[in-house]
Amino acid sequence: ETFFDGGNGYGYGIDVTKPYIKLDRLSFVRYYYGVQVFGSNEEMNLSTICGCSNSGVYLSSTYNNVISVKDLNQCSTNFNYYSGGYSNITIGNTIGGSHASNGGGLHINNASNVKISIQRCWGHKTLGIASLVSSSRFTYIGNIEYCGDCGLLVYDGGCTIEYLGNVRYNKFSGIRIGQPGTSVYSHNNTIYYIESISTNGNYGIEMCGNN
């Protein structure tokens with residue numbers, strides 16, 4: 001395993017713009033972006049990404065990737081898939097911590113047909129996991145705990161969750177479908193199995209907008 005340390009929260013650990021790049025056993029700490037990807041058909045096996053002042057992993061206009069990250073800790077947004085799609089994402093732990101800012105754990109923004117597995121999401125100041133676009137598919141989500149807003153936000157429609165573990169100790173709601181104060185129409189979402197929803201602030205499941 002090789003560590004890259006930016007030292008001050010600036011710059012990029014690695015900036016991938018070419019297709020068909022394979023990375024294995026790399027870690028990045030204290031950069032602006034730990035890993036930034038604009039290429040497609042990438043294969044990445046990453047170990048630890050920590051303390052990045054913007055995103056730990058940032059993907060934009062990129063497709064057909066297979067990316068695995070063991071630990072994402074204390075970045076502004078730990079993992080941000082901004083646009084693209086048709087990729088497989090596997091995350092071990094995504095952890096906020098006292099130094100993380102307001103971005104959250106995992107954001108799927110304008111990326112469609114993304115398949116995701118997450119073992120644990122814990123301690124983010126706002127959202128733990130946010131699916132902001134249709135057709136994302138979570139094959140496995142372990143525990144979502146101790147997030148400052150809601151544990152899981154499903155903003156747009158067409159999200160599928162095959163397995164969801166324990167959703168607990170989130171400040172306002174465990175799961176939020178739609179967005180409060182808006183007319184967002186979040187439709188055709190499917191959750192096949194939930195282990196438990198308990199001890200969340202206001203709501204276990206919060207249905208907002210035009211659901």
Check your understanding: Reachable aspartates and glutamates from residue 18, Cα under 17 Å, same-chain residues fewer than 8 places away excluded?
Key -> 42, 43
Check your understanding: Do you know the relative contact order of the chain, to the nearest whole percent, from alpha carbon pairs under 8 angstrom that are 6+ apart?
Key -> 11 percent
Exercise for review: Please report, largest first and rounded to whole Å, the three semi-axes of the ellipsoid equivalent to segment 1-119, where each semi-axis is the square root of five times an eigenvalue of the C-alpha gyration tensor.
Suggested key: 20, 15, 13
Check your understanding: Rolling a 1.4 angstrom probe over the protein heavy atoms, how many square angstrom per residue are accessible across the chain?
Key -> 43 Å²
Point to revise | Computed magnitude of the charge dipole of segment 59-211 (debye, nearest 20; Cβ of K, R +1, Cβ of D, E -1) | key: 140 debye
Study note, to complete from the structure: Diffing segment 17-26: the Karplus 3J(HN,Hα) column from phi (6.51, -1.76, 1.60, θ = phi - 60°), in whole Hz with x for Gly and Pro, holds 10, 9, x, 6, 9, 10, 10, 9, 6, 10
Check your understanding: Between residue 176 and residues 5 or more places away or on another chain, which pairs have amide H atoms under 5 Å apart, with H built 1.01 Å from N, and which residues are they?
Key -> 152, 153, 154, 206
Exercise for review: Using only Cα atoms, locate the centre of segment 1-79 and the centre of segment 105-137, then give the distance between them in Å, rounded to an integer.
Suggested key: 16 Å
Exercise for review: Starting from the Cα of residue 115, draw a straight line to each of the lysines and keep only those under 18 Å, dropping any in the same chain fewer than 8 residues away.
Suggested key: 70
Review point. Under the classification rounded if a/c is under 1.5, otherwise prolate if a/b is larger than b/c and oblate if not, where does segment 131-211 fall, given a ≥ b ≥ c as square roots of the Cα gyration tensor eigenvalues?
Key: oblate
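Tell me, what is the percent relative contact order of segment 121-211, built from C-alpha pairs under 8 Å that lie six or more residues apart?
On the way: 288 pairs, mean separation 24.8, N = 91.
Rounded, it is 27 percent for segment 121-211.
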Point to revise | Hz values of 3J(HN,Hα) by residue in segment 29-39 - Karplus curve (6.51, -1.76, 1.60), Gly and Pro given as x | key: 9, 6, 10, 6, 10, x, 10, 10, 10, 10, x
Study note, to complete from the structure: Applying the gyration tensor rule to the Cα atoms of segment 1-52 (axes a ≥ b ≥ c; rounded if a/c under 1.5, else prolate if a/b exceeds b/c, else oblate), the class is oblate
Practice item. For segment 62-197, just list the percent of Cα-Cα distances falling in each 10 Å bin from zero outward, please. Key: 14, 48, 35, 3
Study note, to complete from the structure: Restricting to Cα pairs under 8 Å and 6 or more apart, the percent relative contact order of segment 20-126 works out to 21 percent
Point to revise | Of all accessible heavy-atom area on segment 68-211, the percent that carbon and sulfur account for (1.4 Å) | key: 46 percent
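The values are calculated or read from the model by the stated rules, or taken from the named source; none is laboratory data. Nothing here was measured: the structure is a model prediction, and the numbers come from that model. For neighbour counting, all protein chains shown are included, and Cβ atoms are generated from backbone atoms with ideal geometry for every residue, glycine included. Ligands, DNA and RNA are excluded from the accessible area calculation, which covers all protein heavy atoms including side chains. Shrake-Rupley method; radii C 1.70, N 1.55, O 1.52, S 1.80 Å.
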